[in-house]
1. Report yes if Leu192 is under 29 Å from Asp78 (Cα atoms) and in contact with a helix residue (DSSP H, G or I) (Cβ under 7 Å, 6 or more places away or on another chain), otherwise no.
2. Among Leu51, Leu30, which is part of a loop (DSSP other than H, G, I, E, B), aliphatic (A, V, I, L, M), on the phi < 0 side of the Ramachandran plot and more than 21 Å from the chain's Cα centre (by Cα)?
3. Scan segment 217-253 residue by residue and report those that are at pLDDT below 95, hydroxyl-bearing (Ser, Thr, Tyr) and either part of a loop (DSSP other than H, G, I, E, B) or crowded, with 19+ Cβ neighbours inside 10 Å (or both).
4. Go over the candidates Glu125, Glu105 one by one and state the one that is surrounded by fewer than 16 Cβ atoms within 10 Å (Cβ to Cβ) and closer than 26 Å to Arg292 by Cβ.
5. Does Arg134 satisfy being modelled with pLDDT of 95 or more and farther than 18 Å from Glu50 by Cβ?
6. For Gly214, which of the numbered conditions (1) small (Gly, Ala, Ser); (2) without any contact (Cβ under 8 Å) to a residue 12 or more places away in the chain; (3) assigned to a loop (DSSP other than H, G, I, E, B) fails to hold?
7. Among Val160, Val164, which is surrounded by fewer than 24 Cβ atoms within 10 Å (Cβ to Cβ), modelled with pLDDT under 95 and β-branched (Val, Ile, Thr)?
8. Taking Ser170 as the residue in question, decide whether it is of a type in the set (Ser, Thr, Tyr), modelled with pLDDT under 95 and over 15 Å from the mean Cα position of the chain (by Cα).
Amino acid sequence: MHRQKTKFSHRVNRVAGALERRGIRATYELHDRVLSNRRSRRLFSQDNPELDDVQRRIVSEVDADGYSVLPFGELVRDPEVWRDIEAQRDRFVAETEADLAAGGENVRVRQGKEFVVRLHSYGVELGLDDPWFRACLSRRMLDLANAYLRMWSKLEYIDVWYSVPQTAGSERVSSQRWHRDYNDKHLLKAFLYLVDVDEEMGPFQYVPGSQPGGPYADAWPWSPLGQNYPTEEELEQRIPGSAVHAFVAPKGTLIFCNTAGFHRGGFGTTDPRVLATVTYSSPASLASLTERSYEFAGSLEELDAPARFAVS
């Protein structure tokens, strides 16, 4: 009797979960085609940013391959910005390593992803006094994000990560495995390496051409709330290992990519990988599938129209 009840309950939960996912997906498509994104596309068409050669190259490369790589200083040319971000990194690393040495009870981690310590995580207030936030909201980065997405984007997520080295022989878990981000197909994510990253430190890896519209887009194709975590063996059967790009690079390297394509990272076994990250997404994502990681602490009147849209 108990077993039958348990099976029935499991079946009901499974059906209810499937119906909920179907409803969420339908809501996302409605916001993408008709509601939220329609307005943001119109706003972009009315205020199409003028990009310089560097910004145009980034947009072109992400369009073609799903990613683009360059030194941070080539895009954000004020050296003081990089110095401020380095100072932010130094404070975060010192606090994190002190907390870990004391047992790790105060570090910010998410369940299932305890290998990543976060400077902010969720539910924080951020303003223009935060140097990485200020850089991500600058027109140097925001204009190219909007140009790639062909709409005014939302600055959805921002943080600094400290990837804790894993013991040899550990299995990859969560985002250390190949996956597509489930929450939006209109995504531009950036990773800024804050330390030199070698092969043993869990470099970011990406499958060029796996982004929507690319030659590998039909391999476990993206869908809203999709379950896109093939095993390494399954992925290798569909996509040759030679197609994978591992971003082994020095500190100051800036990687833009559409993470609706296959990617993974953070599985290091030697030194900690420290990076800053930001996600620009469409309004449909925030309306349907995504929670913004922060609240803007400043005055919206300080910002121009695309920046106000991005943080509100």
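1. Values: under 29 Å from Asp78 (Cα atoms): yes; in contact with a helix residue (DSSP H, G or I) (Cβ under 7 Å, 6 or more places away or on another chain): yes.
Criteria met by Leu192.
2. Within the list Leu51, Leu30, the selection yields Leu51.
3. Of everything in segment 217-253, those that are at pLDDT below 95, hydroxyl-bearing (Ser, Thr, Tyr) and either part of a loop (DSSP other than H, G, I, E, B) or crowded, with 19+ Cβ neighbours inside 10 Å (or both) turn out to be Ser223, Tyr229, Thr231.
4. Exactly one residue qualifies, and that residue is Glu125.
5. On the way: modelled with pLDDT of 95 or more: yes; farther than 18 Å from Glu50 by Cβ: yes.
Here the answer is yes, as Arg134 does meet what is asked.
6. (2)
7. So the residue among Val160, Val164 that is surrounded by fewer than 24 Cβ atoms within 10 Å (Cβ to Cβ), modelled with pLDDT under 95 and β-branched (Val, Ile, Thr) is Val164.
8. Working: of a type in the set (Ser, Thr, Tyr): yes; modelled with pLDDT under 95: yes; over 15 Å from the mean Cα position of the chain (by Cα): yes.
Criteria met by Ser170.
The values are calculated or read from the model by the stated rules, or taken from the named source; none is laboratory data. Computed from a prediction, not measured in an experiment: that's the story for all the values here. No Cβ is skipped: glycine too gets one built from the backbone with ideal geometry, and neighbour counts run over all protein chains shown.
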